[in-house]
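Below: one structure, written as structure tokens.
The values are calculated or read from the model by the stated rules, or taken from the named source; none is laboratory data. Please read these numbers as outputs of a predicted model, since none were measured by experiment. Backbone-built Cβ (ideal geometry, glycine too); neighbour counts: all protein chains shown. Each accessible area value is taken on the protein alone, full model and side chains, heavy atoms only, with ligands, DNA and RNA left out. Shrake-Rupley method; radii C 1.70, N 1.55, O 1.52, S 1.80 Å.
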Amino acid sequence: MPQTFYSNGKLLITGEYAVLDGAKALALPTKFGQDLVVESGTQQTLHWKSFEHDRKTWFEDTLSFTAIAESQTSGNKVRDTLLTILHQAFAMSPKMWDEPGFVVETHLNFPRNWGLGTSSTLINNIAQWFGIDAYELLWKSFGGSGYDIACAQHDKPIVYKLQHAKPIVAEVTFNPRFKTQLYFVYLNQKQSSKEAIAAYKQQPNKASLLSEIDLITHAALTVTDAHDFAALLESHEAIMAQILKLEPVKTKLFPDFKGSIKSLGAWGGDFVLVVAAHDPTEYFRAKGFDTILRYQDMIL
């Protein structure tokens with residue numbers, strides 16, 4: 001009998017980068033995610049097949065238990081990343097070595113270049129399958145703050161905080177009356193945050209930054225007006241632009257836009273959050289950005 005596991009995707013509304021140092025971050029699980037289906041296999045091997053949202057195979061390989069145990073990398077980035085995660089998972093749950101083998105399929109229901117959590121949903125699904133702690137698996141294999149794991153596990157908006165290297169997750173009410181004025185626009189490229197994280201980490205004396213981000217996160221949960229919410233997002237952008245030494249996305253790409261735009265997660269790619277009094281689809285499509293989702297179509 002197959003086992004099926006599912007995890008939600010994620011969007012980080014406030015606290016990008018600063019969440020690594022303990023800032024409170026508002027994060028939203030998405031209607032998009034990934035499942036993992038496991039069946040029994042043979043010959044101490046794990047046959048893996050990953051499917052795109054359109055059911056096309058984007059990765060397939062067979063890994064021996066020996067290769068996993070010895071972490072035998074091959075130079076194939078996708079395979080080696082999967083191997084790293086599985087190596088840690090087996091180490092955390094040694095009883096799995098006693099199994100005859102596995103046949104595994106993963107299924108995304110969103111384009112994997114969207115940046116909604118292809119890796120975090122995978123890690124959380126593997127953790128569910130192995131019966132291990134997903135945060136520990138993340139930190140032993142990938143690293144990161146862990147907010148994406150929290151979104152994978154929760155079906156409601158959350159405020160996430162790292163405290164003494166432990167995740168603190170609180171489900172919160174975030175159902176703004178102005179949500180019909182909120183849109184998510186994909187910037188046509190998946191963004192790696194490594195360089196920006198490195199720049200962020202070099203900044204000294206970030207205590208005041210964390211306090212400012214905490215205040216914005218709390219305020220975002222209570223504002224009742226789209227204009228006030230947009231002002232919070234703009235303040236957040238200005239603070240992070242100064243820290244990261246990067247140009248805010250609106251200034252860089254959309255200076256003539258009549259509304260507010262905030263980067264979500266890694267600056268320079270993935271999705272941005274747009275606050276607009278009127279449907280901005282025509283504006284963004286004219287600029288070459290065709291993926292525009294309404295708040296209610298994206299967020300659980």
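Which order do peptides 234-242, 170-178 fall in by mean Cβ count within 10 Å, highest first?
Top to bottom by mean Cβ count within 10 Å: 234-242, 170-178.
Protein chains only, probe 1.4 Å: how do Lys258, Lys201, Lys10 rank by accessible area, largest first?
Working: Lys258 180, Lys201 135, Lys10 35 Å².
Output order, biggest surface exposure first: Lys258, Lys201, Lys10.
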TODO: With all protein chains present, calculate the accessible area of Leu138 using a 1.4 Å probe and round the result to the nearest 10 Å².
DONE: 10 Å²
- [ ] Treating cross-link reach as a plain straight distance, find the lysines whose alpha-carbon is under 18 Å from the alpha-carbon of Lys140, omitting any fewer than eight places away in the same chain.
- [x] Lys77, Lys166, Lys194
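Taking the Cα centre of the stretch 1-109 as the origin, how large is its charge dipole in debye, to the nearest 20, when only Lys and Arg (+1) and Asp and Glu (-1) carry charge on their Cβ atoms?
Working: 9 positive and 13 negative charges, 60 e Å.
That gives a dipole near 280 debye.
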TODO: Please name which of Trp97, Thr57, Ile68 has its Cα lying farthest along the dipole of the stretch 29-109 towards the positive end, using unit charges on Cβ (Lys, Arg +1; Asp, Glu -1) and the Cα centre as origin.
DONE: Thr57
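For the chain, what is the charge dipole size about the Cα centre, in debye to the nearest 20, if Lys and Arg each add +1 at the Cβ and Asp and Glu each add -1 at the Cβ?
Numbers: 28 positive and 32 negative charges, 92 e Å.
It comes to approximately 440 debye.
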Task: Compactness of the stretch 32-102 as Cα Rg over 2.2 N^0.38 Å, two decimals - done: 1.13
- [ ] At q = 0.07, 0.08 Å⁻¹, work out log10 I(q)/I(0) for the chain with the Debye formula, treating every Cα as an identical point scatterer and leaving solvent out; two decimals please.
- [x] -0.28, -0.37
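Averaging sequence separations of C-alpha pairs under 8 Å and six or more residues apart, then dividing by the length of the chain, give the relative contact order as a whole percent.
Dividing the mean separation by the residue count of the chain yields 24 percent.
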Task: Separation in nanometres of the label points that stand 7 Å from Cα toward Cβ, at Asp35 and Lys258 - done: 4.5 nm
- [ ] Would you look at the GNM of the chain, springs on alpha carbons closer than 10 Å, and say which of Val38, Val275, Val78 moves the most?
- [x] Val78
TODO: Express in Å², to the nearest 10, the accessible area of Arg294 obtained by rolling a 1.4 Å probe over the protein heavy atoms while all chains stay in place.
DONE: 110 Å²
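So for Thr42, Thr14, what's the accessible-area order with a 1.4 Å probe, most first?
Ranked list, largest accessible area first: Thr42, Thr14.
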Open item on the list: Largest first, please: the extent of the C-alpha atoms of the stretch 112-199 along each principal axis, to the nearest Å.
Closed with: 40, 30, 28
TODO: Report, in deg cm²/dmol and to the nearest 500, the calculated mean residue ellipticity at 222 nm for the chain, where each DSSP H run with n ≥ 4 adds -39500 (n - 2.57) and the sum is divided by the residue count.
DONE: -10000 deg cm²/dmol
- [ ] Would you tell me the accessible area of Asp98, worked out with a 1.4 angstrom probe on the heavy atoms of the protein chains, in Å² to the nearest 10?
- [x] 130 Å²
Task: Length added when fully stretched, Glu234-Glu70, from 0.36 nm per residue minus Cα-Cα - done: 54.2 nm
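Which whole-number value in Å³ per residue fits the convex hull of the alpha carbons of the stretch 208-293?
Numbers: hull volume 8.5 nm³, N = 86.
Cα-based convex hull of the stretch 208-293, divided per residue, equals 99 Å³.
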TODO: Give the ranking of Met1, Met96 by solvent-accessible surface, highest area first, calculated with a 1.4 Å probe.
DONE: Met1, Met96
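For Lys49 and Gln242 in the same chain, what is the full-extension length gain: residue separation times 0.36 nm, less their Cα-Cα distance, in nm? If you can, show how the numbers build up before the last one.
Details: separation 193, 0.36 × 193 = 69.48 nm, distance 4.31 nm.
Full-extension gain reported as 65.2 nm.
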Open item on the list: If each residue of separation counts as 0.36 nm, what is the full-extension length gain between Asp98 and Gln296 once their alpha-carbon separation is subtracted?
Closed with: 66.8 nm
Task: Approximate spin-label separation Asn109-Val78, in nm, with each point projected 7 Å along Cα-to-Cβ - done: 2.2 nm
Task: Spin-label pair Ser211/Glu136, simplified geometry with 7 Å Cα→Cβ offset, distance in nm - done: 3.7 nm
